[in-house]
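K.L.:
One structure coming up, written as structure tokens, with questions to follow.
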């Protein structure tokens with residue numbers, strides 16, 4: 001008998017309302033995430049990937065501007081319907097996030113050490129020496145001079161170092177699940193590999209689950225156990241990464257895979273949602 005999934009999502013849907021305008025961002029999204037597993041969510045911009053991930057802990061505008069439906073269970077506990085105060089204890093402690101633009105996610109008026117220390121104070125109040133915990137968190141993400149980085153402001157660090165600091169902040173409270181939303185998009189290729197290697201190592205060492213949101217099937221092939229493909233707010237295909245990449249069944253998945261750059265081959269252009277809107 002297989003163990004129950006760490007995260008179970010059923011029929012998740014997100015709808016935004018602005019005046020008389022109604023936008024369905026995602027609908028009927030269902031998936032499981034096992035302990036220690038990496039699940040990649042792939043699709044172009046506007047497919048509903050990020051909105052669905054933010055809905056897990058209701059990091060979205062309150063009703064009536066945004067309506068979230070469906071069932072979300074974390075380790076057998078139903079998150080749907082929890083109060084804001086109860087969800088605040090889940091965010092960071094059990095489900096943590098890193099985003100594609102650390103420069104805008106980090107607060108520019110506080111040092112890196114202060115911001116990591118705030119997360120520790122909120123979710124690990126038993127820690128007596130907060131400064132030591134901050135330095136340990138920075139060392140864990142392979143920052144060689146943690147004291148200097150802790151005392152730096154975000155603008156004083158490179159993009160790659162900012163992203164490492166964001167990962168350190170996200171993992172400082174030892175979450176069960178890390179949601180990595182396009183964590184390498186704003187970085188050059190060399191730093192991208194360093195960040196993905198770092199996440200892979202941290203996953204192995206901590207037994208942590210990762211929900212990876214990306215448009216890059218090249219990253220998925222080397223990192224994810226399972227993949228789900230989203231288009232127009234719906235999952236159009238999902239399964240083990242090797243199966244989906246080796247024998248995709250949906251035309252959209254085939255198109256995404258065909259767009260992966262290969263030496264000696266002409267680049268394939270995917271028909272995007274914007275293209276379809278122009279035609280209609």
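K.L.:
Could you check the stretch 1-23 and list, in sequence order, the residues that are in contact with a strand residue (DSSP E or B) (Cβ under 8 Å, 6 or more places away or on another chain), within 15 Å of residue 209 (Cα to Cα) and touching a residue at least 60 places away in the same chain (Cβ under 8 Å)? Break it down stepwise before answering.
P.N.:
Of the residues in the stretch 1-23, the ones in contact with a strand residue (DSSP E or B) (Cβ under 8 Å, 6 or more places away or on another chain) are 5-17, 22-23.
Those left that are additionally within 15 Å of residue 209 (Cα to Cα): 5-9.
Listed by number, the residues that qualify are 6, 7, 8, 9.
K.L.:
If we scan the stretch 127-137, do we find a residue that is at pLDDT 95 or above, loosely packed, with under 14 Cβ neighbours inside 10 Å and not in a helix (DSSP H, G or I)?
P.N.:
The answer is yes; a qualifying residue exists.
K.L.:
Looking at (1) closer than 23 Å to residue 40 by Cβ; (2) more than 23 Å from the chain's Cα centre (by Cα), find the lone condition where residue 127 falls short.
P.N.:
Just one mismatch for residue 127, condition (1).
K.L.:
Based on this model, can you work out whether residue 149 counts as touching a helix residue (DSSP H, G or I) at 6+ places or on another chain (Cβ under 7 Å), under 24 Å from residue 33 (Cα atoms), touching a residue at least 12 places away in the same chain (Cβ under 8 Å) and assigned to a helix (DSSP H, G or I)? Break it down stepwise before answering.
P.N.:
Working: touching a helix residue (DSSP H, G or I) at 6+ places or on another chain (Cβ under 7 Å): yes; under 24 Å from residue 33 (Cα atoms): no; touching a residue at least 12 places away in the same chain (Cβ under 8 Å): yes; assigned to a helix (DSSP H, G or I): yes.
So residue 149 fails the test.
K.L.:
If you don't mind, there's one more thing I want to ask. Being in contact with a strand residue (DSSP E or B) (Cβ under 8 Å, 6 or more places away or on another chain) and either under 16 Å from residue 7 (Cβ atoms) or free of Cβ contacts under 8 Å to residues at least 40 places away in the same chain (or both) is the filter; apply it to the stretch 92-110 and report the residue that is surrounded by the fewest Cβ atoms within 10 Å (Cβ to Cβ).
P.N.:
The qualifying residue surrounded by the fewest Cβ atoms within 10 Å (Cβ to Cβ) is 94.
K.L.:
Restricting to strands (runs of 3 or more DSSP E) lying wholly in the stretch 1-102: which have 1 or more residues that are over 13 Å from the mean Cα position of the chain (by Cα)? Lay out the reasoning, then the answer.
P.N.:
Numbers: elements: 7-18, 21-33, 38-42, 66-74, 95-98.
Correct list: 7-18, 21-33, 66-74.
K.L.:
Report whether or not residue 78 is without any contact (Cβ under 8 Å) to a residue 12 or more places away in the chain and either farther than 30 Å from residue 3 by Cβ or surrounded by 15 or more Cβ atoms within 10 Å (Cβ to Cβ) (or both).
P.N.:
When the stated conditions are applied, residue 78 does not pass them.
K.L.:
Within the stretch 37-58, can one find any residue that is under 18 Å from residue 178 (Cβ atoms) and surrounded by fewer than 16 Cβ atoms within 10 Å (Cβ to Cβ)?
P.N.:
Checked against the condition, which is being under 18 Å from residue 178 (Cβ atoms) and surrounded by fewer than 16 Cβ atoms within 10 Å (Cβ to Cβ), the stretch 37-58 yields no hits at all.
The values are calculated or read from the model by the stated rules, or taken from the named source; none is laboratory data. Worth saying up front: this structure is predicted, and the values here are computed from it rather than measured. All Cβ positions, even for glycine, are placed from backbone atoms using ideal geometry, and neighbour counts span all protein chains on display.
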